[in-house]
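What follows is a short report on a single structure.
What follows draws every value from the coordinates through simple rules; no lab data is involved. This one's a predicted model, so the numbers in the text were calculated from it and none came from an experiment. FYI the Cβ positions are ideal-geometry reconstructions off the backbone, even for glycines, and counts take in every protein chain you see.
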Amino acid sequence: MAEIVLETKGLTKYYGAKPALDHLDLRVPRGCICGFLGRNGAGKTTAIKLMLGLLAPTAGSASLLGCDSTALTPAIRQRIGYVTEGHRLFRWMTIGRLEEFQKAFFPGQWDSRLFADMIEYFELSKKQKIKHLSNGQRAQVSLALALAPNPELLVMDDPTLGLDAAIRRQFLEGMIELITRQGRTVLFSSHILADVERVADRIVVIDKGVLRADCSLEQFRTSVRKVVVYFENSAPADIELAGLLHFRRSERQLELTLVGVGDAEVADWARQAGAGRFDFVEMNLEDQFIEFTAPAHRRRLFQWEKA
Amino acid sequence: MALWMQISSGSETPIYQQLVEQISGAIARGELRTGDKLPAVRALAAELVINPNTVARAYTLLEQSGLVTTKTGSGTFVSDPALRQVDAAQINTLAERMDTLISRAVNLGLDRSALMALFEKRLEKFAGTLDKGKAENG
């Protein structure tokens, strides 16, 4: 496995009595784009802030580029880019002034040409003040500021939240552009699964502060699957199958959502359960994510049980 | 780039598989011919805005199926059909896939002649490549 550039060990954060993050153990290897997934309130922003040393952990630790997050030196910080949720930038500054301000943190590695090119491409001017920009334009400035120092590790907290499709695509292009330079790594959180699928080769999934998956995107795509099993008479009442996430039942059908269950195991189970036949249902990443993070005994939202 | 590709994200089909299908389709239809060079991994990744590892994975699969060969340092090229190794397992997989399509056709109510006519019509798309093969063999 490639060198690990971002790692957490038992990373835990309590707000009051409740854990926002509960013993998170994850490892991000160099050279990948890692999509950081989780529902609202799952703990993604907390995890990112802990990784960057902006919050102190209740227990456990995080490290970036081999350096503990609570003790990041300026020399290490200089190799890391961070884009905050909502692209908070100093409102009173002009784009040009903001560039000078940021540049000071990255001595000797600021790509002024790239920054100028991007600002021009976005049809902005360095004379414009941040407070006069739209949300989308502010995000574009934020993207240019993130890429100009050519960071070794770029961490972005939901960078495309609320942005239109064209600006979202620019963020994806920016990530691909960075990753094609040798040894660069990106971690970004997002709720747009189609975007994640496009650019990520690894994903981390957390749910209610707990790590649920840390694997290649392909592994997740092949592991989470749905199978419809047909029975001649009635479907069995009890289902014992390791890897079963949840199921739906109708008279002569069972719809099983499985994780990490191979074709042969499904076939064995179906034969033992007396099933007639079964079909795998193809799922896209969004469906897989919804199924994977759904509570075990969930009801559908708009479904009223008949008494 | 002579090759025109369209990636759809959010699809049930993984992106590397979409690439494999589109490139092997282009080879079968003769849009890509023996010796043609595929775009460099990074260039194609940047153009399609997808992860370079996804492109590399697709190229590896195409190479494993014998459709392309990679020459270290110079790139990935469409291989010579005469040199492609086809094994029984690949033929078997193909036959199973055909079964899926035939059962759909049967369920739609098509009879043997209608199905054969449809098959012939679809083959026209691949005429350039298919007939070229016949000429060389014969």
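How far, in nm, would the chain grow between A:ASP238 and A:LEU161 when pulled straight, counting 0.36 nm per residue and subtracting the alpha carbon separation?
Numbers: separation 77, 0.36 × 77 = 27.72 nm, distance 4.25 nm.
My answer for the length gained is 23.5 nm.
Across the stretch A:132-206, the volume of the C-alpha convex hull divided among the residues equals 92 Å³ per residue. Comparing A:ILE239, A:ILE192, A:ILE206 in a Gaussian network model of chain A, where Cα atoms under 10 Å apart are tied by springs, the biggest mean-square fluctuation is seen for A:ILE239.
With the simple spin-label model, which puts each label point 7 Å out from Cα in the Cβ direction, the A:GLU251 to A:ALA294 separation comes to 2.3 nm.
Each Lys and Arg adds +1 at its Cβ and each Asp and Glu adds -1 at its Cβ; summed about the Cα centre, chain A shows a dipole of about 1200 debye.
In sequence order, the stretch B:26-42 has phi-based couplings of 5, 5, 5, 7, x, 6, 10, 10, 3, x, 5, 8, 7, x, 4, 3, 5 Hz under the Karplus curve 6.51 cos²θ - 1.76 cosθ + 1.60, θ = phi - 60°, and Gly or Pro positions carry x. With the convex hull of its Cα atoms as the shape, the stretch A:27-74 has an orientation-averaged projected area of 4.1 nm². Summarised in one figure, the compactness ratio Rg/Rh of chain A, Cα atoms and Kirkwood Rh, is 1.06. The label-point distance for A:LEU114 and B:ASP36, in a model that sets each label 7 Å from Cα toward Cβ, rounds to 3.4 nm.
Dividing the Cα convex hull volume of chain B by residue count, how many Å³ per residue is that?
On the way: hull volume 19.5 nm³, N = 138.
Measuring per residue, one finds 142 Å³ for the Cα hull of chain B.
Extending 7 Å from Cα along the Cβ direction at B:VAL106 and again at B:THR93 yields two label points whose distance is 2.4 nm.
Counting only complete DSSP H runs, which helices of chain A cover 30 Å or more along their long axis at the Cα atoms and score a mean Kyte-Doolittle of -0.5 or above? Mind showing how you got there, number by number?
On the way: long enough: none.
Helices meeting the criterion: none.
In the structure shown, do any of B:LYS37/B:LYS121; A:LYS49/A:LYS131; A:LYS13/A:LYS127; A:LYS49/A:LYS126; A:LYS13/A:LYS129 have a Cα-Cα gap over 32 Å, and if so which? Don't skip to the end; give the middle numbers.
Values: B:LYS37/B:LYS121 30 Å; A:LYS49/A:LYS131 25 Å; A:LYS13/A:LYS127 42 Å; A:LYS49/A:LYS126 30 Å; A:LYS13/A:LYS129 37 Å.
Violating the 32 Å limit, Cα to Cα: A:LYS13/A:LYS127; A:LYS13/A:LYS129.
When all C-alpha to C-alpha distances in the stretch A:235-290 are sorted into bins of 5 Å, what percent of pairs does each bin hold, rounded to whole numbers? All Cα pairs, binned at 5 Å, distribute as 4, 16, 31, 29, 14, 6, 0 percent. Taking amide H as placed 1.01 Å from N in the peptide plane, A:GLU85 has its amide H under 5 Å from the amide H of A:ASP157, each at least 5 places away in sequence or on another chain.
With viscosity set to 1.567 mPa s at 4 °C, what whole-number translational diffusion coefficient in µm²/s follows for the stretch A:2-157 from Stokes-Einstein and a Kirkwood radius over Cα pairs?
Details: Rh = 16.8 Å.
Translational diffusion coefficient: 77 µm²/s.
Rounded to the nearest 10 degrees, the angle from helix B:52-64 to the longest Cα principal axis of chain B is 50 degrees.
Find out how many positive minus negative residues lie around A:ALA20, taking Lys and Arg as positive, Asp and Glu as negative, among other residues whose Cβ is under 12 Å from that of A:ALA20. Local net charge: +4. For the segment A:192-200, counting C-beta atoms of other chains within 10 Å of every residue's C-beta and taking the mean gives 5. Springs between Cα atoms under 10 Å define the GNM used for chain A, and in it the highest mean-square fluctuation of A:ALA264, A:ALA294, A:ALA56 occurs at A:ALA264. Sorted from greatest to least, the principal axis extents spanned by the alpha carbons of the stretch B:1-76 come out as 33, 27, 23 Å.
Calculate how large, on average over all directions, the projected area of the Cα convex hull of the stretch A:174-307 is; give the answer in nm² to one decimal.
Working: hull surface 42.4 nm².
Mean projected area for the stretch A:174-307: 10.6 nm², to one decimal.
Taking chain A as a Gaussian network of alpha-carbon nodes connected by springs under 10 Å, the highest mean-square fluctuation of the residues A:ASP214, A:ASP164, A:ASP201 belongs to A:ASP164.
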